[in-house]
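One structure is given here, and the rest of the page talks about it.
Any read-out appearing in this document is the output of simple, stated calculations on the displayed coordinates, not a laboratory observation. As the structure is a computational prediction, the values presented were derived from the model and not from experiment. For neighbour counting, all protein chains shown are included, and Cβ atoms are generated from backbone atoms with ideal geometry for every residue, glycine included.
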Amino acid sequence: MRLSDFNYDLPAELIAQHPLANRTDSRLLEVKLNGVDRAKLTDLQFKEIINLIHPGDLLVFNDTKVILARLHGKKETGGNVEILIERIIGDKQAWVQIRASKVPKTDAIVHIHNAAGETFPVEMIGCDGRFYEVRFPENVFALLDRFGELPLPPYIEHQPDSEDAKRYQTVVAQNPGAVAAPTAGLHFDESMLKQLSDHGVKQATVTLHVGAGTFSPVREEDLSKHRMHSEWFSIPERTLQTISETKNQGGRIIAVGTTSLRALESQALTGQSSGETNLFITPGYSFKTVDCLLTNFHLPKSTLLMLVSAFAGMENIRAAYQHAIEQKYRFFSYGDAMFLCRLES
């Protein structure tokens, strides 16, 4: 596989900058595989997803919660510093990305500030080549609540506001730790979840804390050389039992988003229900657990575009993306969705 195989041209005006008025107002592109010809593409409204999911199927959501992961501060020399949390690794420690004219050295202090004029010091501990380890003076979560800013993706151009605080979070979010939302879940509201439940569709959760690495560009043209970022996941025993029961009863496992899929497939590959995953899914991967996938539209040359290409076929995804562009679907985090099922499903 080559990186250039996963490129496409996207008009900038199709990048959704704000959420629609209601979570379920988005559009839905059904990509139906038939095993012979190119996939059949059907334009739907998201509310029509109830017609695509059968009673007895299982929807698996990622219940991670986005934290206020972006901090602003100054070096002791006066230079501006932006810190983006990648992973909280202890009560007072975290791995972070740093943006500064010159990155602070080990043992240096960065003074974080907020709009109220409060400050606190962050100590630089070390670097692993990709991320920096820093030490906070007290509990990281408590300080983020007072000083942090919602970490909107780099392609969203406005500063986070009260609308983003509500809408860049799924209604199933429970476990704080993500620095990016599992965006396929943003399309559901409580009413939709109840409607699906009344329809006989089962629901379960996993947790995968999405890291800032999800937006890191792939720099290797030869994908076999790409080093996939690692993220922490956990799957409750109850979810594993429900998956087993659903399969035994002939139902399908439907991952709500690529993060849910990566957690489920990581467990199937390793037998471990929690831990780190750096699973890099490209065409040729043999899926073990997930039968169908609900997902947003992904960035060119991204690992997530490679994942959906593995799931539905490269030519089918190319055709689906071209169709979406021609029909002016909205792309990325606040954008529209696709529904894909594997042939054997």
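A compact table of results
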quantity: Restraint check, 40/328; 65/328; 65/92; 47/166; 47/247, Cα-Cα greater than 28 Å; calculated: 65/328
quantity: Ranked 258, 282, 77, criterion: other C-beta atoms within 10 Å, fewest first; calculated: 77, 282, 258
quantity: Sorted by Cβ density within 10 Å, fewest first, the residues 71, 14; calculated: 14, 71
quantity: Ellipsoid semi-axes in whole angstrom, largest first, where each is sqrt(5λ) of the Cα gyration tensor of segment 1-160; calculated: 41, 19, 17
quantity: Cα convex hull of segment 203-345, projected area averaged across orientations, nm²; calculated: 8.8
quantity: Unpartnered cysteines - no second Cys beta carbon under 4.7 Å - across the chain; calculated: 127
quantity: Qualifying GluC sites (Glu not before Pro) for segment 217-258 [loop in DSSP, other Cβ within 10 Å: at most 14]; calculated: 220, 221
quantity: Hits among aspartates and glutamates - C-alpha to C-alpha of residue 102 under 19 Å, sequence gap 8 or more where chains match; calculated: 76, 82, 123, 128, 133
quantity: Nearby lysines by direct alpha-carbon distance to residue 225 (threshold 28 angstrom, same-chain neighbours under 8 apart not counted); calculated: 288, 301
quantity: Candidates 213, 56, 284: whichever shows maximal mean-square fluctuation once the chain is modelled as a Gaussian network with Cα springs under 10 Å; calculated: 284
quantity: Estimated 222 nm signal from helices in the chain, with DSSP H stretches of n ≥ 4 weighted -39500 (n - 2.57), rounded to 500; calculated: -6000 deg cm²/dmol
quantity: Choice from 161, 57, 189 with maximal GNM fluctuation in the chain (Cα, 10 Å cutoff); calculated: 161
quantity: Between helix 314-326 and the chain: long-axis angle, C-alpha atoms, 0 to 90°, nearest 10; calculated: 80
quantity: Order of 168, 8 - criterion: other Cβ atoms within 10 Å of each residue's Cβ, fewest first; calculated: 8, 168
quantity: Where only alpha carbons of segment 70-147 are counted, the Rg and the Dmax (Å); calculated: 11.2, 34
quantity: Radius of gyration, Dmax [the chain; alpha carbons; angstrom]; calculated: 20.4, 64
